[in-house]
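Student: One structure coming up, written as structure tokens, with questions to follow.
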Amino acid sequence: MNKYTAIIPAAGIGARMQTSTPKQYVSINGKTMLEHTVNVFLNEPMIDQVIVVIHPEDKHFKSLHISSSPKLHTVIGGEERADSVLAGVAFADSELQSEWVLVHDAARPGLSNEALQRLIYELSNSSGGILATKCVDTVKQSSDETIDKTLNRQKIWLAQTPQMFRTSILLQALSDAKRNKLTITDEASAVEMQGIDVKLVEGEKSNFKVTTPEDLMLAEYYLSKEEKE
Ligand code: CTP
Ligand code: MG
């Protein structure tokens, strides 16, 4: 039995990045974004297995060094991120008998081992939880570019990944959300819908999601800082 399995959804096309290769294969400081991300988990002794979810027509993954790691498995992803994650969770459950899964975006290469360990330690006696950062800006709610109301910033958290849950709980939550055709953009929202408590664990700025071209310079900055430390 495996205790902790990381699932890295990497089956997107990265439309907002506007590069010819999908953003997870863009090189940052000499390594692809996906390698930076997967290495965080391969280098963490508490993580037993790593599943990378790839696009059905992926042409890049096999040429990466990490593809031959004995801890590494690949699974084919689906149309939406939630479909890709569900494919990974089903594999972790049926093939790896993993007790916990940690879902982490390929597009977040700046996760530190400290934050990863903090998440694992703080959730050990729970159903699961996520890394998130407290909001520093004042938050406005609007549907038409005029303000409806100002939200209480003290109560706002910005969700990151990893999102870590007991495998059986996440499998059930994602399967139910899919059956009910609910749009979910992270794993926590599917688990919240089940009425199960999801814990918040302090994340970090470096773990932001690389989305648009200007984000690449910021990712370079954080990754070169990490290499020096
Ligand atoms: N992802 C996935 N399967 C999908 C869609 C997304 O595995 N069908 C993955 C992406 O590869 C990424 C993560 O989910 O690592 C977060 O998604 P996002 O940042 O939105 O990436 P993309 O969907 O690739 O980018 P975009 O939305 O700009 O097209
Ligand atoms: Mg997307």
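The values are calculated or read from the model by the stated rules, or taken from the named source; none is laboratory data. None of these values were measured; they are calculated from a predicted model. With ideal geometry, Cβ positions are generated from the backbone for all residues, glycine too; neighbour counts draw on all protein chains shown. Ligands, DNA and RNA are excluded from the accessible area calculation, which covers all protein heavy atoms including side chains. Shrake-Rupley method; radii C 1.70, N 1.55, O 1.52, S 1.80 Å.
Student: State to the nearest 20 debye the size of the charge dipole of the chain about its Cα centre, where the only charges are +1 on K and R beta carbons and -1 on D and E beta carbons.
Tutor: Dipole size: approximately 80 debye.
Student: Oh, and also: Which one of LYS199, LYS59, LYS178 has the biggest mean-square fluctuation once the chain is modelled by GNM with Cα springs under 10 Å?
Tutor: Greatest mean-square fluctuation among the candidates belongs to LYS59.
Student: Would you mind telling me which residue in ASN152, ASN113, ASN39 has the biggest mean-square fluctuation in a Gaussian network model of the chain, where springs connect alpha carbons within a distance under 10 angstrom?
Tutor: The residue with the greatest mean-square fluctuation here is ASN152.
Student: Then there is this: 222 nm [θ] for the chain, helices only, -39500 (n - 2.57) per DSSP H run of 4+, per residue, to 500?
Tutor: Result for the chain: -9000 deg cm²/dmol, rounded to the nearest 500.
Student: Name the residue farthest towards the positive end of the dipole of region 4-228 from the options LEU174, GLN18, ALA6, assuming +1 on Cβ of Lys and Arg, -1 on Cβ of Asp and Glu, about the Cα centre.
Tutor: GLN18
Student: Among GLY128, GLY195, GLY14, determine the one that fluctuates most according to a GNM of the chain built with springs between C-alpha atoms less than 10 Å apart.
Tutor: Of the options given, GLY195 has the highest mean-square fluctuation.
Student: Another question, then. Whenever you get a sec, compute what percent of the accessible area on region 4-228 sits on carbon and sulfur atoms (1.4 Å probe).
Tutor: For region 4-228, the apolar C and S fraction of the accessible surface comes to 49 percent.
Student: Okay, next question. Per residue, how large is the accessible surface of the chain? Use a 1.4 angstrom probe and give square angstrom.
Tutor: Per residue, the chain has 53 Å² of solvent-accessible surface.
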